[in-house]
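The structure appears below as structure tokens.
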There are 2 protein chains.
Amino acid sequence: MKIITSGEFFTEKKNTTSTQINEKQLDNIVLDIITQVRKDKDTALFRYTEHFDNVKLDSLLVSESEFKEAREKVDTSFIEAIQEAKQNIRTFHEAQKEQSWFMEKENGIVLGQKVTPLEKVGVYIPGGKAAYPSSILMDVIPAQIAGVEKIVITTPPQQNGKISPYVLVAAEEVGVTSIYKVGGAQAIAALAYGTESIEKVDKIVGPGNAFVARAKKWVYGDVAIDMIAGPSEICVVADESAPVNYVAADLLSQAEHDESANAICVTTNKELAEEIKVEIEKQLATLERKAIAEKSIEQNGRIIVANNEDDAFKVVNEIAPEHLQLMIQNPTEKVNKVKHAGAIFLGNYSPEPLGDYFAGPNHTLPTSGTARFASPLGVYDFVKKSSIIHYSQEALLEATNKITKIANVEGFTAHANSITIRKDYPNA
Amino acid sequence: MKIITSGEFFTEKKNTTSTQINEKQLDNIVLDIITQVRKDKDTALFRYTEHFDNVKLDSLLVSESEFKEAREKVDTSFIEAIQEAKQNIRTFHEAQKEQSWFMEKENGIVLGQKVTPLEKVGVYIPGGKAAYPSSILMDVIPAQIAGVEKIVITTPPQQNGKISPYVLVAAEEVGVTSIYKVGGAQAIAALAYGTESIEKVDKIVGPGNAFVARAKKWVYGDVAIDMIAGPSEICVVADESAPVNYVAADLLSQAEHDESANAICVTTNKELAEEIKVEIEKQLATLERKAIAEKSIEQNGRIIVANNEDDAFKVVNEIAPEHLQLMIQNPTEKVNKVKHAGAIFLGNYSPEPLGDYFAGPNHTLPTSGTARFASPLGVYDFVKKSSIIHYSQEALLEATNKITKIANVEGFTAHANSITIRKDYPNA
């Protein structure tokens, strides 16, 4: 793990202007898949599943007996963990619920904002060798609280044609049983445009690999998406009050995700930086996913030594991290120095995995610095608003000259006419 | 204007599956522009402005003297209209403001949602021959209410190298004086990646032509955008209580926008449909922008005769119109039948241009059926949220087994380790 100064960090940052624009090869593949799925529908899905997942399926939909089978395979402690996590996620997200509102003004004017749930949502869950039951909870529960009627899940099958029992049980625990065995760009295309088996949805959410992310970018506009997710990041701000072994463990928890994950520590204490570096090497040796974590730490890991606390938060805000841990004294008082972060974990007993699995706030967070402008997935992602405008005759007539003035300036005389006709021909 | 049955409408709709995916030629042009602007920065902007707008500029930024000059050119009635519209827009959008919140749970657990304004926003305003001061108000005011510190505007210059005085005065009235004379995909690239003159922003909002819309799709992900806007639509639901001349005027107000605009009327009364058709022909003849409106009505105009009220609202929800006018008896009682619409105008004295210019709710609305999943531009577009998580030692230790259970199921053992290390090595 490299130790660098904040000055070096800012220079490094300035010289790396990342972009997702230039992906011609990926675009060609993804656009071809989307085109094929729009044309051949289910047939294309079966074809791609055979090609990419090495499974020949007869049916995409997970059957009742598969759910039953899954139930028998998972242990009670998993179900109990899921149930408590579910409750925590519900409690937090209930607080995000928005209500429609109206305001009355003079002369019988009523304005308002109507909040309506989306009708149909598709949740993409990565699969194959991995199983992410936690993503099911995090993506489905906010949609349910918003009032979404129809939620479907797509996830690539394992080589035996099955879906992980943990995923199936988690889905059943939150009441979703429409699960389709299809992954990749082909799943995104199916959700965006519909096939015989899979109905077109209004919004697609959930994490995925590079093909999934790119397919989401392409269908965006025809359908809503949550975000285009990039590699995961953690940034730990630590001072002398932070136990070195906790800090190292937390940085490594992020590094094990994949080689492109970013684990960054910011401190004003150079000795602490050295200690953390040593502890990371020590803990690394013991990890199951050592190969991945090691590469991630080597390539992207940084311990940044800042000049002072303000400088440290300048570094944090430049990173705009997905996950930010404040392992410093009086962390709550420092929260307002954070301008950009997906989730902020306070103190020594709030490690990131607590948020990934259990505490309640969503684990679907803006990555790659997009916390500058994006939010965690929430109930607000599953509703849309409609404005309400009611003017009385009196109110409209009073405003006539002002409205037509602006319309005429913009050259929209038929707009002006729709106002003046009501003045010239008042309807008794 | 064609009169069709609701059955014919649904068939027509089923057979037109529009998409924004296949735009290879446009993509090539737009990607080239973005690449050039990233490489040559201001130089590229000057070059494209000369090429596309036929203007050789020395400086992109509008000068103080240009603002002064503009002030002298506009009349008091325009300023008064803008000021009242501004007040109305402020009043409505103030109600959208969100506050940070926190919830305390047992054992010292604190969870919360921190709301933070975006730092830098770029507003694109179409220009050249047209001038849209109303878009300045609608795009800038919600950002200001959200608390955005830095707002800049880009708009293409007229052939004389100037910006419309109405646009400059409207901008000055809302306190924005950073206006850059650049339009098209090159303006979007400049806002997304920065040049010597124009600072990179966090989010780009505002309407634009096909190049602007496509450039926004491409930079999306590197920067946030409001939406990819398509042609404008109006849908008027009318019964016998709706004055035929008002309905016709309102449909035409939308049709004058451009040839691809959609003006649609839905009614259960066949005779009313015939009367509206005749009235549209009559009013069309008198319009200044007759050529455009005529083509729009001819190509996309529809009067749809529904079987009954429920059928009429089924048609409305299938369209998911940008603008919906309910010119029917007791319109307020019928609002809940509307599932998808950008803005809903109630009664005979709430024509769409009232909302475009004056009433207060935003005129930047989801087009092309995207009201199924998208909202009007609002204060919520200019903030982002960060989750807050604080667990006490006691609370974390209590949850240890459940968290590690899920982490282990997902194969993330370093995640589990970051939890267990706090149990195995409690920090006194």
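What follows draws every value from the coordinates through simple rules; no lab data is involved. Remember, predicted model here, so these are calculated numbers, not experimental data. All Cβ positions, glycine included, derive from the backbone under ideal geometry; neighbour counts span all protein chains shown.
Put a plus charge on the Cβ of each Lys and Arg, a minus charge on the Cβ of each Asp and Glu, and nothing anywhere else: the dipole of chain B about its Cα centre is then about 1300 debye.
I need the GluC sites (Glu not before Pro) found in the range B:365-428, filtered to DSSP loop residues with at most 14 other beta carbons within 10 Å of theirs. Intermediate results must be reported in sequence, preceding the final value.
Working: sites: B:394, B:398, B:410; in loops: B:410.
When the GluC sites (Glu not before Pro) of the range B:365-428 are filtered for loop state and at most 14 Cβ neighbours within 10 Å, nothing remains.
The charge dipole of the range A:1-75, taken about its Cα centre with unit charges on the Cβ of Lys, Arg, Asp and Glu (plus for the first two, minus for the last two), comes to roughly 380 debye. Ordering A:89, B:327, A:269 by Cα displacement along the dipole of the protein assembly as shown toward the positive end leaves A:269 in first place; charges were set at the Cβ atoms of Lys, Arg (+1) and Asp, Glu (-1).
Return a whole-number percent for the relative contact order of the range B:307-362, with Cα pairs under 8 Å and 6 or more residues apart as the contact set.
Working: 55 pairs, mean separation 19.1, N = 56.
Averaging sequence separation for qualifying contacts and normalising by length gives 34 percent for the range B:307-362.
Remark: relative contact order (the range B:334-398) = 26 percent; criterion is Cα-Cα distance under 8 angstrom and separation of 6 or more residues.
Inter-copy label distances for residue B:241: 6.4 nm (label point placed 7 Å from Cα along Cα→Cβ; shortest first). For the protein assembly as shown, the share of DSSP beta bridges that are antiparallel, to the nearest 5, is 25%. Run the Debye formula on the Cα coordinates of the range A:1-148, all scatterers equal and no solvent, and tell me log10 I(q)/I(0) at q = 0.17, 0.18, 0.21 1/Å. Calculated log10 I(q)/I(0) at the listed q: -1.16, -1.19, -1.31. When you count the other C-beta atoms within 10 angstrom of each residue and take the mean per peptide, B:258-269, B:17-28 line up highest first as B:258-269, B:17-28. Between residue A:285 and residue B:260, the simple spin-label model (points 7 angstrom out along Cα→Cβ) gives 6.4 nm.
In chain B, the longest principal axis of the Cα atoms and the axis of helix B:244-255 are about 60 degrees apart.
What value, in deg cm²/dmol to 500, does the helix sum -39500 (n - 2.57) over DSSP H runs of n ≥ 4 give at 222 nm once divided by the residues of chain B? Walk me through the numbers on the way to the answer.
Working: 17 runs with 198 residues, N = 428.
Estimated from H runs of four or more residues: -14000 deg cm²/dmol.
Across the identical copies, the 7 Å label point of residue A:299, projected outward along Cα→Cβ, sits 4.8 nm from its counterparts, in ascending order.
Relative to the longest principal axis of the Cα atoms of chain B, the long axis of helix B:290-300 makes an angle of roughly 70 degrees. Projecting the Cα atoms of A:249, B:349, A:63 onto the charge dipole of the protein assembly as shown, computed from C-beta unit charges around the Cα centre, puts A:63 farthest toward the positive end. Across peptide B:339-346, the mean count of Cβ atoms from other chains lying within 10 Å of each residue's own Cβ comes to 6. What does the charge count near residue A:310 come to, summing +1 for each Lys or Arg and -1 for each Asp or Glu among other residues with Cβ under 12 Å from its Cβ? Residues close to residue A:310 contribute a combined charge of +1.
Most tightly packed first, judged by the mean number of other beta-carbon atoms within 10 Å of their residues, the peptides A:283-291, B:78-86, A:372-380, A:38-46 read A:372-380, B:78-86, A:38-46, A:283-291. Each peptide among B:87-96, A:343-352, B:228-237 gets the average number of other Cβ atoms lying within 10 Å of its residues, and from highest to lowest they stand as A:343-352, B:228-237, B:87-96. The C-alpha atoms of chain A define a longest principal axis, and helix A:413-424 lies at about 50 degrees to it. Placing R0 at 51 angstrom, the Cβ-Cβ distance between residue B:54 and residue B:97 gives a FRET efficiency of 0.75 after rounding to 0.05. Compute the signed sum of charges (Lys and Arg +1, Asp and Glu -1) over the other residues within less than 10 Å, Cβ to Cβ, of residue A:412. Local net charge: -3.
Hey, got the dipole for the protein assembly as shown? About the Cα centre, +1 on K and R Cβ, -1 on D and E Cβ, debye to the nearest 20? Each step should come with its number before you reach the end.
Numbers: 90 positive and 118 negative charges, 182 e Å.
Rounded to the nearest 20 debye, it is 880 debye.
Distance between the C-alpha centres of the range B:110-175 and the range B:359-401: 23 Å, rounded to the whole angstrom. Can you work out the FRET efficiency for the pair residue B:64 and residue B:149, with r the C-beta to C-beta distance and R0 = 22 Å, to the nearest 0.05? Taking R0 as 22 Å, the efficiency between residue B:64 and residue B:149 is 0.55. Candidates A:303, A:155, B:174 compared by Cα position along the dipole of the protein assembly as shown: farthest toward the positive end lies A:155, with charges placed on Cβ.
Taking a straight Cα-Cα cut-off under 16 Å and skipping sequence neighbours fewer than 8 places away in the same chain, the lysines within cross-link reach of residue A:39 are A:200, B:14. Normalised by 2.2 N^0.38 Å, where N counts its residues, the alpha-carbon radius of gyration of chain A equals 1.16. Peptide B:370-379 is shielded by partner chain Cβ atoms: per residue, an average of 6 of them sit within 10 Å of its Cβ. Quick one: compute the contact order of chain B, relative version, from alpha carbon pairs under 8 angstrom and 6+ residues apart, as a percent. The value is 20 percent. If you wrap the Cα atoms of the range B:268-392 in a convex hull and average its projected area over all directions, you get 11.4 nm².
Summing charges over all other residues whose Cβ lies under 10 Å from the Cβ of residue B:291, with Lys and Arg as +1 and Asp and Glu as -1, gives -1.
Equivalent ellipsoid of the protein assembly as shown: semi-axes from √(5λ) of the C-alpha gyration tensor, largest first, are 47, 32, 25 Å. Across the range A:193-330, what fraction of all alpha-carbon pairs, as a whole percent, falls in each successive 10 Å bin from zero upward? That works out to 12, 35, 25, 16, 9, 3, 0, in percent per bin. Compute the Rg/Rh shape ratio of the range A:113-242: radius of gyration over Kirkwood radius, all on alpha-carbon atoms. Radius of gyration relative to Kirkwood radius: 1.03.
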